[in-house]
Number of protein chains: 4
Amino acid sequence: MKIKIHFECELQLAAAAPTILQLEAADIPGAQNIESSSLKIEPDVQTEEFLDIYKNPCRRLLMPAGDVRIEYNSVVELPDKRGAFIEPTEPDILHLPTDMLTYTLPSRYCQSDKLVKMANDTFGSITPGFARVQEICNWINENITYQYGTSNSGTSAYETAAERVGVCRDFAHLAITFCRAMNIPARYVSGYCLGLQPPDLHAFFHAYIDGRWVVFDATERQPRPALIQIAAGRDAADCAWSTFYGNGSTRSMQVDVTEIEEEE
Amino acid sequence: MKIKIHFECELQLAAAAPTILQLEAADIPGAQNIESSSLKIEPDVQTEEFLDIYKNPCRRLLMPAGDVRIEYNSVVELPDKRGAFIEPTEPDILHLPTDMLTYTLPSRYCQSDKLVKMANDTFGSITPGFARVQEICNWINENITYQYGTSNSGTSAYETAAERVGVCRDFAHLAITFCRAMNIPARYVSGYCLGLQPPDLHAFFHAYIDGRWVVFDATERQPRPALIQIAAGRDAADCAWSTFYGNGSTRSMQVDVTEIEEEE
Amino acid sequence: MKIKIHFECELQLAAAAPTILQLEAADIPGAQNIESSSLKIEPDVQTEEFLDIYKNPCRRLLMPAGDVRIEYNSVVELPDKRGAFIEPTEPDILHLPTDMLTYTLPSRYCQSDKLVKMANDTFGSITPGFARVQEICNWINENITYQYGTSNSGTSAYETAAERVGVCRDFAHLAITFCRAMNIPARYVSGYCLGLQPPDLHAFFHAYIDGRWVVFDATERQPRPALIQIAAGRDAADCAWSTFYGNGSTRSMQVDVTEIEEEE
Amino acid sequence: MKIKIHFECELQLAAAAPTILQLEAADIPGAQNIESSSLKIEPDVQTEEFLDIYKNPCRRLLMPAGDVRIEYNSVVELPDKRGAFIEPTEPDILHLPTDMLTYTLPSRYCQSDKLVKMANDTFGSITPGFARVQEICNWINENITYQYGTSNSGTSAYETAAERVGVCRDFAHLAITFCRAMNIPARYVSGYCLGLQPPDLHAFFHAYIDGRWVVFDATERQPRPALIQIAAGRDAADCAWSTFYGNGSTRSMQVDVTEIEEEE
C-alpha cells in the first residue's frame, strides 16, 4: 500500500527560538519505506539532522521570529499485511535485549509504578503475550471515552485511569502504563494514520512481544490499516512533533493522509 | 447489645495549643444510647462543649504543653438488630431534605466530580437504592487491598481509585465518592467498632436512602455487629479525633471495644 | 452606591434535571440591601427557595428538557465605604465562634493541610491580622498569572501553587488555602462585580479577622469598589451558580453590572 | 582522595525474580577510578553485566527465592579538587550535543513542563550558568525541609514544590526540574557519599554547563567532598539500586563510606 502524506502548519514566534522538529515519517526498511519526502520551511532556514537517543530522526533549527510556514510531503510504501503470526509471547526479563529494559520503567506520562495493582487485577489472568496486550486495548476502548477537550498536554495515565476520558495520546499512555505495570516493555509512537476523522497526527504504541515490537492502537480494536511511524520513545515527551525552546504557538495545522490507488 | 469503650492516648506538645477533640461516642436516642461516659485529661484542663455545623458534639480546649494523657470510658447501649427493611431506594434530588444536598458535593478527600464516569460505568446498571450502595461496598472489597502504611493523612479517593490500596478511611472515602458521583448523598462517619483487629478507631459511612441515613462499612461485606458513631461529616477532615492548632504528636494510643455479656 | 445587575443565560438539557440555582445577590441588611429583584425562567417552572447549610439562599427546580433561558435582574444598594477600621487582628482559635471552625479545615479545592509549610515560610513573619491576609493577596498578585483557559472546574489550590496560573476562582482558592494553613478562617464567595473586564461572575473571599468576615479579592491589590455577594461557602463546590443533577450545558451567558448614577 | 565503600543488604523474595542491580561505583577515568571492587551474592548466582541506554553499568540476574545477602566492597580513587574553573555558562540549545536534549525534557519524577513559571519567576533574573544552578540549590536548601518519612517512592518534584519537605532524592528531583524548566540539561545521579549522617545511599545531580556535566548537591550549599557516582539518568526511575521484576523486600541495608588515610 502506498500512502501520501501532506502536513502543513503556520507558526508564530515572538522571538527566534531553537526548535526540534520530529514530524517526518521514519524510514524503516522492510516495514515502512520512504519513496519520496520533502520538508519546506518558509522563510527558508537551515536544519541539522540527527538521531535522538532512541534513534528517531530529528531536525534542529533556529525557528525564526514572526510567521513561519512548514510544509511536509511524503510518499510511503507499506508492505502487504503480514500473514497470521505465530502466537507472540511476553518476553522473559532475563533474556530481553537490555536496551528494552528502559521501556519497562515509569515515565512522565506513564506512572506504571502506581497502577501495578489495577493492571494485575484487571489483566493478570489473561494469557500472556499478544492476547493480553490486545485485551488491554479492548478494556481501554470499553472504559475510556474518546473526547476532544477533556485532557491537555499535562494529562498523564494516572489521571486517565481515574477520569476515563481522553484522546489518542491518553489512550496510548494508559495502555503503555498497563503493559509496563505487568513488565511488558512498551513504547509510545507518534505518527500518521490513514482514515482518521478529523485528520490529525496520531498516537499509538508498541509492545515488545515475541522478540520484536508489535504495533497496537488503543483507540481501535484492530490496528488501523495504515499507521506510519514518525518517532518512538518512552512517552509523548519524547515524541513531540515540535519542541520550542522559547515561546511559539501553532496558529493552524492541517494533515492529509491518503492512499494512492495503484494503476493496474 | 451493651458495648464498653476504652480509649487512651499520650500526647506531647512543644507548646500549649488550642485543640478540638471529637472522640466521644455520640448520643443518638433510639439508635445509640450512652449509658455512662467519662473523659479525663491529665493534667486537668477545662473543656468547652459545642456542636459543630454538622451537629456533632465536640470539645475545645487549650491542650497544655508537655506530656498529656487522655482517657475516655463509656458504656453504650445499641438496640437489637432491625428486622429486614423495606427495600430502601435512592432519593429524588427534588424532594430530598435540602440539608442533605451538601452531601452530594465533592469534598477534600472525595473528588466525586472526577470519578463520575468510573462510578456510572461500574454501578450505573445496578438497581438504585440499597443494592447499589451495597454493590459499591462489594466492589471496593474486591478491588482495594486493605494494607497499613500504604496511605497517609493526605490520601484522597482519587488516589485510592488508581492505586487500589488503603485503610478504612480510604475505603470510606472511595465509597462516599462513588455514591456522590451518582447523586446519592453520603457522609463519612468516625467511630468505634467491636472486633476490629488490631483495635483502632474506625471509619465507615452513611448513605441517604429511603429517607434516612443507612450505615455501610466498605471494609466488610456486611456492616459489623457494633459500629458506634463519634462524628459524621463530609469526610475525614470534618471528623478528626483531634485537631491541634499547633504542633502536637500522639505518642501512643490504645482502643478497647468489648461487649458486656449481660447476666440472665 | 446603587448597582444594577443583569444576568442571562441559555441552557440546553437533554432531559429534565433537578437543578440548584445560586445566582441571586444575597440580602445582607446593612451591608448589601436588595432593592428589587426578579428571576425569570423560560419556559416557566416552579422553584423552591431554601437556605443551604451555610445560610445561602438557593432555589431548587426541575429544569425542563430542551432550551431554557434564565434572566435575573436586580438593584442592590451598597452602603458607603466604611471609614478606616481599627487594625483587625487574627482570631484566637479558643474564642472563635465555633461555627467558624469549619472554615479552618481543608476542602475540595483548598488542601490547606498540604501547604502549611509554604504558607508559614512565606507569610509567617508578617504581622497577624489584616496585614497578613493583605500580604497573601499581594503575593498571589505578584506570583500567579491571571489567564483564561489555563485551569478548569477540577483545578485546585494545590495545582495553582505549583503551576502559578489561573482565574479568579483559582486566586480565591489559593488565598483561602494559605489563610487556613495559618489557622485563619477563610471562605469562598461567589458574586457580581462592578467593572470586571470581560464581564463575568466573580470569585473573591472572606477572612475572619477582628471578629467579623472581612472581604478580600486576590485578583486585585484592593477590593474592587462594588463586590456583591451571591453565596459563601467552603470553596467553589459550595457556591456553583448552577448545579445540574443530570446533563446540561450552558450555551451562552451574559453578565452586566453597572452603577446607577443618582440624580441630584 | 581514596574512598572505601562497603554496602551490604539482606533481601527476602517469595519467589525467584529477574532483578537489575545498579549499586557499584562507576569507573570514570580521570574523575573516579575504581582501584578494587567485589560483589558477592549469597547464595551464589550468575550475573550478566551490561550498559543501560545511558551507558551506566548494570547487572542482571535471577535473584533466588528466600533470603539473599549482597555485599559490595570497593576502593575508589578521586582526583584532587579541581582549581577554580572558568565561569561555566549555560549551553546554547542549538549547539548542545544532541544526546543532551533528552535531559531537557520532563520525566516521571521531574514534571518540568508544569513548573516553568515558578522556575522562571524565581530564577529568571540570576546570571545564567553556574550561578543560576547554584542559586537553585540554595533556594531548595532554604525552602525545602529535609525530613525522613515525609515522602515515598512515588513522590515527584511537583509535590515537593508544593509540600516543601523531602529527602535527598526529592531535593535532586526538584533541582533537576527547575533546571529543565529553564532549558538547562540536568540529570539524576545515584551514588555513595562520604560523611552522610545517617549513612545511606545518596542522590545528587548533574547540570550541563560549560560543555560538561557539573556536579551539584541540592542538600548542601557546596557539593560534599566525596560524591561517588553509581548511575546517572533522567530521574530516580533510571537509577534504582535494585529493580525486582517480582516481589522482593529489603530487610536490612548498611552502607559505610570512609576515607582511607594515606600513609606518608
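The values are calculated or read from the model by the stated rules, or taken from the named source; none is laboratory data. Predicted model, so just to flag it, every value in this text is computed and none were measured. Quick reminder, even Gly has a Cβ in these numbers, built from the backbone with ideal geometry, and neighbours come from all protein chains shown. Surface areas here come from the heavy atoms of the whole protein model, side chains and all, with no ligands, DNA or RNA. Shrake-Rupley method; radii C 1.70, N 1.55, O 1.52, S 1.80 Å.
A compact table of results
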read-out	value
Test result for C:ASP256, closer than 30 Å to B:MET100 by Cβ, charged (D, E, K, R) and away from chain D (no Cβ under 14 Å)	no
Failed criterion for D:PRO64 (all others in (1) within 30 Å of B:THR150 (Cβ to Cβ); (2) open to solvent by 40 Å² or more (accessible area, probe 1.4 Å); (3) at pLDDT below 95 hold)	(2)
C:TYR148 being free of Cβ contacts under 8 Å to residues at least 40 places away in the same chain, under 19 Å from the mean Cα position of the chain (by Cα) and away from chain B (no Cβ under 14 Å)	yes
B:PRO198 without any contact (Cβ under 8 Å) to a residue 40 or more places away in the chain, open to solvent by 50 Å² or more (accessible area, probe 1.4 Å) and either more than 14 Å from chain C (Cβ to nearest Cβ) or not hydrophobic (A, V, I, L, M, F, W, C) (or both)	yes
Failed criterion for A:MET182 (all others in (1) free of Cβ contacts under 8 Å to residues at least 40 places away in the same chain; (2) over 23 Å from A:GLN147 (Cα atoms) hold)	(1)
Single condition C:THR155 does not satisfy, out of (1) open to solvent by less than 10 Å² (accessible area, probe 1.4 Å); (2) out of contact with any Phe, Trp or Tyr (no Cβ under 6 Å at 6 or more places or on another chain)	(1)
Among the candidates C:GLU8, C:GLU42, C:GLU24, residue that is acidic (Asp, Glu), within 16 Å of C:ARG251 (Cβ to Cβ) and open to solvent by less than 60 Å² (accessible area, probe 1.4 Å)	C:GLU8
Yes/no for B:ASP99 being part of a loop (DSSP other than H, G, I, E, B) and either hydroxyl-bearing (Ser, Thr, Tyr) or over 18 Å from the mean Cα position of the chain (by Cα) (or both)	no
Which listed residue is under 25 Å from A:ALA237 (Cα atoms) and free of Cβ contacts under 8 Å to residues at least 12 places away in the same chain, from A:LEU61, A:LEU51, A:LEU96, A:LEU115	A:LEU51
Residue within the stretch A:139-148 that is surrounded by fewer than 17 Cβ atoms within 10 Å (Cβ to Cβ) and assigned to a loop (DSSP other than H, G, I, E, B) present	yes
Matching residues, the stretch C:1-43, being of a type in the set (Gly, Ala, Ser) and in a loop (DSSP other than H, G, I, E, B)	C:ALA14, C:ALA15, C:ALA16, C:ALA25, C:ALA26, C:GLY30, C:ALA31
Only listed residue being free of Cβ contacts under 8 Å to residues at least 40 places away in the same chain, within 24 Å of A:ILE209 (Cα to Cα) and within 11 Å of another protein chain (Cβ to nearest Cβ), chosen from A:GLU159, A:GLU142, A:GLU135, A:GLU163	A:GLU142
Which numbered condition A:ALA218 fails, given (1) outside any loop (DSSP other than H, G, I, E, B); (2) surrounded by 22 or more Cβ atoms within 10 Å (Cβ to Cβ)	(1)
Boolean, D:PRO79 is more than 30 Å from A:LEU115 (Cα to Cα) and either in contact (Cβ under 8 Å) with a residue 40 or more places away in the chain or assigned to a strand (DSSP E or B) (or both)	yes
Filter result for the condition that a residue is more than 9 Å from the chain's Cα centre (by Cα) and more than 19 Å from A:SER156 (Cα to Cα), over A:ALA218, A:ALA237, A:ALA226	A:ALA226
C:TYR103 within 14 Å of chain B (Cβ to nearest Cβ) and in contact with a strand residue (DSSP E or B) (Cβ under 6 Å, 6 or more places away or on another chain)	yes
The one condition in (1) under 30 Å from B:THR102 (Cβ atoms); (2) away from chain C (no Cβ under 11 Å); (3) open to solvent by less than 50 Å² (accessible area, probe 1.4 Å); (4) assigned to a loop (DSSP other than H, G, I, E, B) that B:TYR54 fails to fulfil	(2)
Within the stretch C:166-175, considering residues that are open to solvent by 10 Å² or more (accessible area, probe 1.4 Å) and part of a helix (DSSP H, G or I), the one nearest to the other protein chains (Cβ to nearest Cβ)	C:ARG169
Selected residue (criterion: farthest from A:THR145 (Cα to Cα)) from residues of the stretch A:224-251 that are exposed (fewer than 15 other Cβ atoms within 10 Å of the Cβ) and of a type outside the set (Val, Ile, Thr)	A:ASN247
Residue match in the stretch C:176-192 (condition: in a loop (DSSP other than H, G, I, E, B), more than 22 Å from C:GLN111 (Cα to Cα) and either of a type in the set (Ser, Thr, Tyr) or at pLDDT below 95 (or both))	no
Test result for C:ASP200, acidic (Asp, Glu), in contact with a helix residue (DSSP H, G or I) (Cβ under 6 Å, 6 or more places away or on another chain) and not assigned by TED's automatic domain parsing to the domain that holds C:ILE41	no
Within the stretch B:102-132, considering residues that are among the hydroxyl-bearing types (Ser, Thr, Tyr) and either over 19 Å from B:ILE209 (Cβ atoms) or touching a helix residue (DSSP H, G or I) at 6+ places or on another chain (Cβ under 6 Å) (or both), the one surrounded by the most Cβ atoms within 10 Å (Cβ to Cβ)	B:SER107
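Residue by residue, here is whether (1) facing chain B (nearest Cβ under 9 Å); (2) within 22 Å of the chain's Cα centre (by Cα); (3) at pLDDT 95 or above holds:
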position	(1), (2), (3)
C:ILE28	no, yes, no
C:ALA84	no, no, no
C:GLU90	no, yes, no
C:MET118	no, no, yes
C:THR122	no, no, yes
